[in-house]
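Laboratory data are not the source of any read-out in this text; all were calculated from the coordinates shown. Just so we're clear, the structure is a prediction, and the values are computed from it rather than from any experiment. Cβ: placed from backbone, ideal geometry, glycine included. Neighbour counts: every protein chain shown.
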Amino acid sequence: MTETRVPMSGFDDFSGRIWLNSAQQGALPLVAAQEAREAVDWKTCPFELTQERFDDVPRRLRVALGRLVNVPSDDIILANSASYGLNLIGTAYPWREGDEVLLMAGDFPSDILPWLLLERRHGVKVIQIKPRGRIIEPDELEAAITPRTRMFCTTWVHSLSGFAIDIDALGQICRNHGIVSVINGSQAIGARPLDLSRTPIDVFTSVGFKWLCGPYGTGICWINPELRERLAPTKAYWLSMLTAADLAKDLGDVKLPETPRARDYDVFGTANFFNFVPFAATIEHLLKIGLNQIRDHDQALVSRFVNGLDSRYFTVTSPFEEENRSTLVFFSHKDRNRNEEVYQSLRKGGVYISFRGGALRLAPHLYNGDADIDKALAALGQLA
């Protein structure tokens, strides 16, 4: 008898509604919600904002994120979005006029817009590779590289199609040519494991509020330390260079550090009690469950939905095969004109998915179980 897959513990029951839209927003774990309330209590009684807590908030988060992607905590850059990391590397890199950046045409806007601004302001040439399919393949990247190519940026999981990109293969091609590889992992990290100590990429950036289940306005960035040494400072933030305790001393002449550390690229306000306290608790919760276990759970839910969808009325447009499959399932009614009607009807019935580019997108995560998938399939069956 097949085991029934139930939601993993530590999350709300959503008042009986079914949230299958983690590609838009992940659910905050209950333990993180409790810690957020405690952080609010600190602010309502400011004497609770001790120096120890002030210092511990970014330290704890840095440690948790370092464990998440298997790099030293001192190499983690605290961010508030994926775009923070993309704009950071674009601003800090030592560009020369005529340098080229390769992108994937049709990628999510956050992976394109920073480079278009760079092109406008600094004369960097942006080349958008039009893939023959939905995502760029290794041979297409190889063919687009020229002596002027300095950087390649793409997404790990394509938000608009559900295809997963082979970042190992693409990253290795970039390494072979001395090109910086930049990966936006927002639609993957948290739903699949990542070991940055082994993956051949140079920059990784992601939001924290989707598959990582953190609050909105959180994120992670990592830059290979060898690359980081070549970057220019982007800002001078006193709290990344000193501590509040230093203010009790005679500071003498205030000076910039000779070589920026990862923390010198942090977003401002890293003792962000309301966001970074629950974000750290969330990452710790995911690590306790295990990223491999979460990946297997999520993929089983994807398989259950894809295999259970009535092919007489609906078509899956995201990949079936594991090689390119992600946790985002794109599907469509055979009559595409009915997709918005299907989306609205599911929503009214308490089943939440997304409507993107004229198609339907379902994105289950660890707080979903087989029963959620079955209810979604049953609701779709009534709309066929």
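The table below lists the values:
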read-out	value
Highest-fluctuation residue, Ser73, Ser345, Ser206 considered, GNM on the chain with Cα pairs under 10 Å	Ser345
Sequence ranges 89-96, 309-316, 78-85, 249-256, ranked by mean other-Cβ count within 10 angstrom, highest first	78-85, 89-96, 309-316, 249-256
Read-out Rg/Rh (Cα atoms, Kirkwood Rh), derived from the coordinates shown; its label in [x] 1.00; [y] 0.94; [z] 1.19	[x]
FRET efficiency, Arg67 to Arg132 (Cβ-Cβ, R0 45 Å, nearest 0.05)	0.70
Span-like helix ranges in the chain, DSSP H, alpha carbon extent 18 angstrom or more, Kyte mean at least 0.5	273-289
FRET efficiency for Glu48 and Leu239, using Cβ-Cβ distance with R0 set to 25 Å, rounded to 0.05	0.80
Residues of the range 59-96 with amide N under 12 Å of a point placed 7 Å along Cα→Cβ from Arg230	93-96
Virtual paramagnetic centre 7 Å along Cα→Cβ of Thr259, amide N under 16 Å, in the range 218-236	223-233
Unit charges at the beta carbon, dipole of the chain: most positive-side option, Ile289, Thr91, Gly350	Gly350
Burial order of peptide ranges 322-334, 358-370 (average beta-carbon count within 10 Å, highest first)	358-370, 322-334
Pairwise centroid distance, computed over Cα atoms, of the range 38-91 with the range 272-323, Å	25
Net length gained if the chain between Arg121 and Ala300 were fully extended (0.36 nm per residue, minus Cα distance)	59.8 nm
